[in-house]
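Engineer: Sharing a structure here in structure tokens format.
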Amino acid sequence: MLRCFCNLASITLLLALTGCRVALSTFNPHGPAAHRIADLSWIMTILFAVISLVMWILFAYAFYRRRGSLAEHEPVESGGGEMWIAIGGLVIPFIVLTALFVAGLSLLSDFPIRGAGSRRGLARAQMAQSMKPDILIIGHQWWWEIRYLNHDPSKEFTTANELHLPAGKPVNIELESADVIHSFWIPALDGKMDMIPGQPNYLRLIASQPGTYAGQCATFCGAQHALMRLIAVVQTPANYQVWLDNELKPGAVPTTPEAKAGEEIFVNGPCALCHAVRGTSAGGVIAPDLTHIGSRKMLASDVYDNNNAYLEAWIVNAQSLKPKCEMPNLPQFSGVQLNELVAYLRQLK
């Protein structure tokens, strides 16, 4: 029994340590909001570990110290154990759960949520209401539309699945859904925020240092919910401005014969019905904007590397990579046409 208990404890510890090292972890914060959440997560985890350890010790003690028969241990009117049952089963859980509840309420008051709250939370909510969002993120089945807003409409543009942020600066984000309920979650930067059709939500992100942080839809939204991912690329303010300036440019003009032929295939074929490339006649709005797809790190809502092999596979047989997604299979392209189309898309940087 003791050996079994030790093996179980070792496996549990190994799984816990492994879980702390995955990309989507609240224990690896890189922003002030994420730090507050991580602090509460550590408190809850340590409490759970301590309580579990005490329970296992009591269980082992009771097992090894058992004496007599069941008849000898029938309930009696006054055996002296009622007080321990009240303390262990009622008083201690009440104190622990109340403390966690209060800590959770205190944490909520630090976020700019629209609506009533503490004085500090209400002040931040009013500030969020008075400020125009910097970025609008719209959840689709199963990808993220990201619009960078500006008081000057000529400086607005749209990307997909890859959120860029300046380090150390607050960014106000409006969250919407185009179809079902989604949930925006980048654990290294902030907590989860629901995206409900017809009801916009608001979030202020502050990333403390440059880096690339993984995100995920955190509410089941359909067949490919698990593959509705995104990444946040946090850059220094100077590099972020360079990226913004480049994103404002139209799609690159192809210079090679292969890429030029690929552009003709793109704008005159089925691609332009759904996708847009600024600077061309392709103006589709129901799928991701591909103006600078060549500069993105990943494809298919950050599931596959952005390289020639996956791009070719995605074009001709997207359903094999992400079943039930809105991208149809396009087997009508010949091998030469596919190479030309990929050459065009890869130079859109």
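Engineer: Return the only residue of V253, V242, V285 being outside any helix (DSSP H, G or I), open to solvent by 40 Å² or more (accessible area, probe 1.4 Å) and more than 19 Å from L341 (Cβ to Cβ).
Structural biologist: One residue alone meets the criteria, V285.
Engineer: Only residues in segment 263-277 that are farther than 13 Å from P328 by Cα and among the β-branched types (V, I, T) count as the first member; pair them with residues that are open to solvent by 20 Å² or more (accessible area, probe 1.4 Å) and in a helix (DSSP H, G or I), Cβ under 7 angstrom, at least 6 apart or cross-chain, and list the lot.
Structural biologist: I265/Q337; I265/E340
Engineer: Next question. Please find, among G198, G211, G215, the residue that is at pLDDT 90 or above and within 14 Å of S301 (Cβ to Cβ). First the steps, then the outcome.
Structural biologist: Working: G198 fails: within 14 Å of S301 (Cβ to Cβ); G211 fails: within 14 Å of S301 (Cβ to Cβ).
It is G215.
Engineer: Output the residues belonging to segment 289-343 that are in a helix (DSSP H, G or I), touching a residue at least 40 places away in the same chain (Cβ under 8 Å) and over 20 Å from R229 (Cα atoms).
Structural biologist: Residues satisfying the conditions are Q337, N339, E340, L341, V342, A343.
Engineer: Going residue by residue through segment 176-189, is there one that turns out to be of a type in the set (G, A, S), more than 18 Å from D302 (Cβ to Cβ) and touching a Phe, Trp or Tyr at 6+ places or on another chain (Cβ under 8 Å)?
Structural biologist: no
Engineer: Turning to a different aspect of this structure: Those residues that are among the hydrophobic types (A, V, I, L, M, F, W, C) and farther than 20 Å from F220 by Cα, I need them from segment 161-203; list them, please.
Structural biologist: Correct list: L163, L165, A167, V171, I173, A188, L189, L203.
Engineer: Out of all the residues in segment 256-266, which are open to solvent by 20 Å² or more (accessible area, probe 1.4 Å) and either within 33 Å of the chain's Cα centre (by Cα) or among the polar types (S, T, N, Q) (or both)?
Structural biologist: Selection gives T256 alone.
Engineer: Could you look through segment 221-236, keep only residues that are open to solvent by 30 Å² or more (accessible area, probe 1.4 Å) and at pLDDT 95 or above, and pick out the one that is nearest to H140 (Cα to Cα)? Write out each step before concluding.
Structural biologist: Our first condition is that a residue be open to solvent by 30 Å² or more (accessible area, probe 1.4 Å); within segment 221-236, this holds for 223, 225-227, 229, 235-236.
Narrowing further to those that are at pLDDT 95 or above: 235-236.
Details: Q235: 26, T236: 29 Å.
Across segment 221-236, the extreme among qualifying residues is Q235.
The values are calculated or read from the model by the stated rules, or taken from the named source; none is laboratory data. Because the structure is predicted, anything quoted here is derived from the model rather than measured. Every residue, glycine as well, gets a Cβ built from its backbone with ideal geometry; the counts of neighbours run over all protein chains shown. To get the accessible areas, we keep the full protein, side chains included, count just its heavy atoms, and leave off ligands, DNA and RNA. Shrake-Rupley method; radii C 1.70, N 1.55, O 1.52, S 1.80 Å.
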